[in-house]
Amino acid sequence: MGKAMIANPNGIDAARRLTSPASKRFPRIALLLAAGLAVSASIAFAAGTQVYNPQTRQWTDYDRTKAYKYYKLHNEVPEAFRPQTVKFRTAEVPGTIIIDGNQHFLYLVQPGQQAMRYGIGVGRDGFGWAGIVRVGRMAEWPTWTPPAEMVARDPKAMKYAAGMAGGPDNPLGARALYLYERDQDTIYRIHGTPEPWTIGLDVSSGCIRMRNDDVTDLASRVKVGAKVIVLMQGAALYKGV
């Protein structure tokens, strides 16, 4: 799965994305970018996530170990991954969610060519996906029931095959937005996490994870039925799209 550094905290470069290998493999996503997503910024593809250090004025690699150390030291994620309002030109209506998996950002479109931007964790190698879905339902402190595929590959998930009650240790965190394709649950969610230091990384089995405070804020702003556009270079298209 292609990855990218956080080259600019204010958005992504649609024009550059249109020349990427992914746009040739997935022309529908390229069309979405051309018609509905135009944000002035630059992006550079690298071997993994990078973050900008304003003190040293340098880009630094940001992997799971460094992310954990940073969070333990600051009790916070890097500034780029904290909620903020940014300029965001798009043809999508306010209330639409646009997920830029490469840069680990989720945008909630706002009026006036703006968006609320949140940091996210996305699918690790082999678990990335892209497509257009919708918020089918939302839940507060949801029960986590691992899908059969996860139970089969992960012995730790087996004991929760019947479901894990909601709570601070639950992998879905404080809120879950269940993503549907038409009337079908895709098994993917936008949800909280008990591991906030993983925001900005490729860590999940395909779900979009956020800090608990951030997903709670997002859920308060989003309506059931909201359109969700998931973009990720090199990812497989969701089968229902």
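Of the residues making up region 173-198, those that are under 19 Å from Gly101 (Cβ atoms), among the aliphatic types (A, V, I, L, M) and surrounded by 23 or more Cβ atoms within 10 Å (Cβ to Cβ) are Ala176, Leu177, Leu179, Ile190. For region 190-208, filtering for residues that are at pLDDT below 95 and in a strand (DSSP E or B) leaves 3. Look at region 63-85: where a residue is over 13 Å from Asn53 (Cα atoms) and a partner is surrounded by fewer than 16 Cβ atoms within 10 Å (Cβ to Cβ), sitting 6+ places away or on another chain with Cβ atoms under 7 Å, you get Asp63/Gly48. Would you be able to say whether some residue in region 134-150 is part of a strand (DSSP E or B), at pLDDT below 85 and within 20 Å of the chain's Cα centre (by Cα)? Looking through region 134-150, at least one residue is part of a strand (DSSP E or B), at pLDDT below 85 and within 20 Å of the chain's Cα centre (by Cα). Remark: pairs (first residue in region 143-158, among the hydrophobic types (A, V, I, L, M, F, W, C); second residue part of a loop (DSSP other than H, G, I, E, B); Cβ separation under 6 Å; 6+ apart in sequence or on different chains) = Trp144/Asn170; Trp144/Pro171; Trp144/Leu172; Val151/Ala161; Ala157/Pro146. Annotation note: Cβ proximity below 6 Å between a residue of region 100-111 that is farther than 10 Å from Leu201 by Cα and without any contact (Cβ under 8 Å) to a residue 60 or more places away in the chain and a residue that is part of a loop (DSSP other than H, G, I, E, B) and of a type in the set (S, T, N, Q) (sequence gap 6+ or interchain) occurs for Val109/Thr96. Filtering region 214-236 for residues that are more than 16 Å from Gly123 (Cβ to Cβ), in contact with a Pro (Cβ under 7 Å, 6 or more places away or on another chain) and part of a loop (DSSP other than H, G, I, E, B) leaves an empty set. Within region 100-128, restricting attention to residues that are surrounded by 21 or more Cβ atoms within 10 Å (Cβ to Cβ) and within 21 Å of Gln184 (Cβ to Cβ), the residue that is farthest from the chain's Cα centre (by Cα) is Gly128.
The values are calculated or read from the model by the stated rules, or taken from the named source; none is laboratory data. Predicted, not measured: the structure shown is a model, and the values here were computed from it. Positions of Cβ are generated from backbone atoms using ideal geometry, with glycine treated the same way; all protein chains shown enter the neighbour counts.
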